[in-house]
1. For the list (1) under 21 Å from ALA62 (Cα atoms); (2) modelled with pLDDT of 95 or more; (3) out of contact with any Pro (no Cβ under 7 Å at 6 or more places or on another chain); (4) not acidic (Asp, Glu), I need the number of the one condition that VAL131 fails.
2. Could you please give the count of residues in segment 254-298 that are within 25 Å of ARG194 (Cα to Cα) and among the small types (Gly, Ala, Ser)?
3. Filter segment 88-108 for residues that are buried (at least 20 other Cβ atoms within 10 Å of the Cβ) and of a type in the set (Gly, Ala, Ser); which is farthest from ASP28 (Cα to Cα)?
4. Go through segment 100-122 and give me each residue that's among the β-branched types (Val, Ile, Thr) and in a helix (DSSP H, G or I).
5. When segment 144-179 is examined, which residues are found to be at pLDDT below 95, of a type in the set (D, E, K, R) and more than 19 Å from HIS272 (Cα to Cα)?
6. So how many residues does segment 130-147 have that are part of a helix (DSSP H, G or I) and charged (D, E, K, R)?
7. Quick one: which of ALA195, ALA219, ALA227, ALA210 is modelled with pLDDT of 95 or more, touching a Phe, Trp or Tyr at 6+ places or on another chain (Cβ under 8 Å), small (Gly, Ala, Ser) and crowded, with 18+ Cβ neighbours inside 10 Å?
Amino acid sequence: MTIHSPPGSAVCPAPSRSCAEHEMVTGDGTRLFYRHWPSREPGSRGAVILFHRGHEHSGRVAHLADELQLDDFDIFAWDARGHGRSGGERGYSPSMERSVADMDQFVRHAAVENGHDLHDISIVAQSVGAVTASRWLQTMKPDIRSAVLAAPAFRIRLYVPFAGPGLALMKRLRGEFRVNSYVRPGLLTHDRERAASYASDPLITLPIAATTLLDVLAAGRQAVAEAAKIEIPVQVLTSGSDYVVDRRAQYAFFENLVSAAKEVHDYPGFYHDTLGEADRQKPIAEARRFILRKQDNGAASEH
């Protein structure tokens with residue numbers, strides 16, 4: 001069953017950069033909404049693709065189109081299936097494999113439609129988006145330029161003993177059901193305006209299907225265990241006061257990476273929304289430096 005998304009604003013919330021809105025159709029016929037901020041300079045140097053957190057949508061990362069200050073890059077951001085203005089049952093993906101296939105199709109669509117090779121693309125993925133991106137990099141092995149993973153949700157703090165096995169048991173007994181997010185906006189960011197906008201955003205999808213949550217938990221474990229399968233340059237950004245995910249899994253993932261061009265940066269006191277924090281200019285500057293360095297140097301020699 002496909003449930004169409006609620007209407008959203010026609011204005012992309014990046015204040016000074018023009019934006020176009022598009023749709024694409026996935027291999028299983030689901031309509032996905034995405035935004036494109038064209039390069040401000042003649043002849044784009046490359047493309048940066050943004051992947052949002054769980055529960056969220058492309059509007060929540062639109063501020064990065066300006067704040068990354070990559071004016072000579074095309075920038076794209078999607079609403080993952082079941083989120084924001086994309087089609088699909090709210091808060092649901094049939095499987096992590098389907099989510100990975102969506103991501104692969106979207107990246108290739110964005111590249112081809114705008115004249116980019118895969119090797120000219122970098123990604124910035126956050127939280128659950130970073131888990132999906134990690135599995136995409138591990139299973140599809142796209143030859144992209146670099147990846148920035150911010151607060152990847154490799155191990156979600158569920159705060160209930162045996163929560164994962166309990167969810168699996170309940171699903172077997174009850175069938176599909178929804179799990180509401182326990183995270184209050186004030187635990188995502190110290191930026192009061194951003195926290196307030198999260199609380200009032202009609203496109204936020206708080207209830208997540210048990211199937212999808214269980215898939216994310218399993219994919220997070222796989223991403224850490226199989227980190228060595230990622231050969232491109234990777235930057236990991238972690239938040240020192242993250243109450244949503246366990247940072248130990250992020251550091252285990254980083255240690256398992258084999259790329260010589262890997263970095264990890266921690267931001268003490270930051271909450272989970274690393275790139276949406278009150279003092280976010282610090283990690284954003286690191287992400288920008290990493291993307292530009294890999295674009296200038298070429299990733300192939302650093303794998």
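The values are calculated or read from the model by the stated rules, or taken from the named source; none is laboratory data. Here the structure is a predicted model, which is why all the values come from computation and not from measurement. Note: ideal-geometry Cβ built from the backbone for every residue, glycine included; neighbour counts use all protein chains shown.
1. (3)
2. Total meeting the criteria: 5.
3. Ranking the qualifying residues of segment 88-108, first place goes to GLY91.
4. First, the residues of segment 100-122 that are among the β-branched types (Val, Ile, Thr): 100, 107, 112, 121.
Scanning segment 100-122 gives VAL100, VAL107, VAL112.
5. Hits for segment 144-179 are LYS171, ARG172, ARG174, GLU176, ARG178.
6. Filtering segment 130-147 down to residues part of a helix (DSSP H, G or I) leaves 130-139.
Filter again for charged (D, E, K, R), leaving 135.
Summing the residues that are part of a helix (DSSP H, G or I) and charged (D, E, K, R) in segment 130-147 gives 1.
7. On the way: ALA195 fails: touching a Phe, Trp or Tyr at 6+ places or on another chain (Cβ under 8 Å); ALA219 fails: touching a Phe, Trp or Tyr at 6+ places or on another chain (Cβ under 8 Å); ALA210 fails: modelled with pLDDT of 95 or more.
Exactly one of ALA195, ALA219, ALA227, ALA210 is modelled with pLDDT of 95 or more, touching a Phe, Trp or Tyr at 6+ places or on another chain (Cβ under 8 Å), small (Gly, Ala, Ser) and crowded, with 18+ Cβ neighbours inside 10 Å, namely ALA227.
Listed here are the residues, each with its yes/no results for (1) among the charged types (D, E, K, R); (2) within 19 Å of PRO142 (Cα to Cα).
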site	(1), (2)
THR211	no, no
LEU214	no, no
VAL224	no, yes
GLU231	yes, yes
THR238	no, no
SER241	no, no
ARG248	yes, no
TYR251	no, no
LEU257	no, yes
